[in-house]
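J.: To start, I am sharing the structure in question, which I have written as structure tokens.
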Amino acid sequence: MNTLDFTTSQIMGIINATPDSFSDGGRYLDVARALDRIHLMKKYGAAIIDIGGESTRPGSEPVSKQEEIERVMPVLESAISAFPKLTYSIDTTKCEVAKIALQSGARIINDVSGLQKEPKLADLAAKHNAALVIMHSKGDPKTMQNAPQYDDIVKEVYAFFEKQIAFARSRGVANIIIDPGIGFGKSLEHNLKLLAHLDKFNKIGVPVLVGASRKSMIGSILDARPVEDRITGTVAVHYDALIKGAKILRVHDVKEASDSLRIFQAIQSQR
């Protein structure tokens with residue numbers, strides 16, 4: 001198995017095998033439709049496909065591990081068979097789900113709880129030589145947007161990463177990625193502050209993932225713009241993140257993100 005390489009920025013395409021995700025809920029529960037979508041994502045430049053079976057939108061209800069497995073595994077197994085050269089990520093906070101996904105060929109665990117719910121995910125990542133995305137979040141999806149408070153969000157998120165990375169490394173995880181968790185227990189001001197100071201997180205020494213795709217922050221800035229009309233705003237946020245050193249963009253709209261990344265890289269090549 002080759003080592004995952006994040007020396008250059010990459011696009012992570014989102015597949016929500018859920019009925020209730022905020023942007024595309026219910027669209028990719030059907031395996032055939034999910035495979036069609038992954039084919040397009042591959043065509044347009046996605047290197048990583050992130051598959052999740054539990055919505056983490058604000059106010060969402062948790063699902064059982066068995067239901068999550070039944071949602072994601074048919075999609076994941078079919079995708080790996082159809083497009084074996086892509087890298088697959090399992091978006092879950094549950095060890096049981098991650099274990100089955102890794103055994104089937106997934107190579108990244110994307111934990112939106114940042115090891116707060118199940119620290120054993122670090123052991124699992126180490127055992128399978130998988131990369132681990134440690135995302136910062138505050139509270140659970142059902143309540144996380146109920147007036148979140150921070151004294152200094154940049155310092156607090158930075159300290160969270162230092163602590164969780166130290167733990168993951170102590171368990172043997174070699175490949176760690178951090179995600180500031182835009183929209184996860186954060187107000188509009190908190191999100192903007194993190195994005196404005198995103199370059200500070202490069203000092204931690206691991207790749208930074210940013211996922212602002214179609215999120216309510218963009219809608220708020222753009223006068224209550226609906227979800228389906230936030231693509232340009234998403235590209236703008238993610239381009240700024242690239243300038244500040246982000247290595248992975250987690251997106252719904254792969255073509256637009258890939259176009260933006262190619263322009264960014266072309267300009268940077270002349271520096």
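J.: For segment 127-226, which helices (runs of 4 or more DSSP H) that fit wholly inside it have 2 or more residues that are more than 20 Å from the chain's Cα centre (by Cα)? First the steps, then the outcome.
T.: On the way: elements: 153-170, 188-196, 216-221.
Hits in segment 127-226: 153-170, 216-221.
J.: Could I ask something else about it? Tell me the residue from ASN146, ASN129 that is at negative phi and surrounded by fewer than 24 Cβ atoms within 10 Å (Cβ to Cβ), please. If you could, list the steps in order and put the result at the bottom.
T.: Values: ASN129 fails: at negative phi.
Exactly one of ASN146, ASN129 is at negative phi and surrounded by fewer than 24 Cβ atoms within 10 Å (Cβ to Cβ), namely ASN146.
J.: Ok, one more. State whether one or more residues within segment 252-262 are surrounded by fewer than 24 Cβ atoms within 10 Å (Cβ to Cβ), of a type in the set (A, V, I, L, M, F, W, C) and within 12 Å of SER9 (Cα to Cα).
T.: yes
J.: Could you please give the count of residues in segment 83-121 that are small (Gly, Ala, Ser), surrounded by fewer than 24 Cβ atoms within 10 Å (Cβ to Cβ) and in contact with a helix residue (DSSP H, G or I) (Cβ under 6 Å, 6 or more places away or on another chain)?
T.: Matching residues across segment 83-121 total 2.
J.: Determine whether ALA166 is surrounded by fewer than 20 Cβ atoms within 10 Å (Cβ to Cβ), modelled with pLDDT of 95 or more and within 24 Å of LYS94 (Cα to Cα).
T.: Criteria met by ALA166.
J.: Could you please find all residues in segment 169-184 being surrounded by fewer than 22 Cβ atoms within 10 Å (Cβ to Cβ) and farther than 16 Å from PRO207 by Cα?
T.: SER170, ARG171, GLY172
J.: All but one of (1) under 23 Å from THR8 (Cβ atoms); (2) in contact (Cβ under 8 Å) with a residue 40 or more places away in the chain hold for VAL227, so report the exception by its number.
T.: Checking VAL227 against (1) under 23 Å from THR8 (Cβ atoms); (2) in contact (Cβ under 8 Å) with a residue 40 or more places away in the chain, the one that fails is (1).
J.: Picking from LYS203, LYS186, which residue would you name as being within 27 Å of GLY139 (Cβ to Cβ), basic (Lys, Arg) and touching a Leu at 6+ places or on another chain (Cβ under 9 Å)?
T.: Values: LYS203 fails: touching a Leu at 6+ places or on another chain (Cβ under 9 Å).
Every option except LYS186 fails the conditions.
The values are calculated or read from the model by the stated rules, or taken from the named source; none is laboratory data. None of the values given here were measured: they were computed from a predicted structure. All Cβ positions, glycine included, derive from the backbone under ideal geometry; neighbour counts span all protein chains shown.
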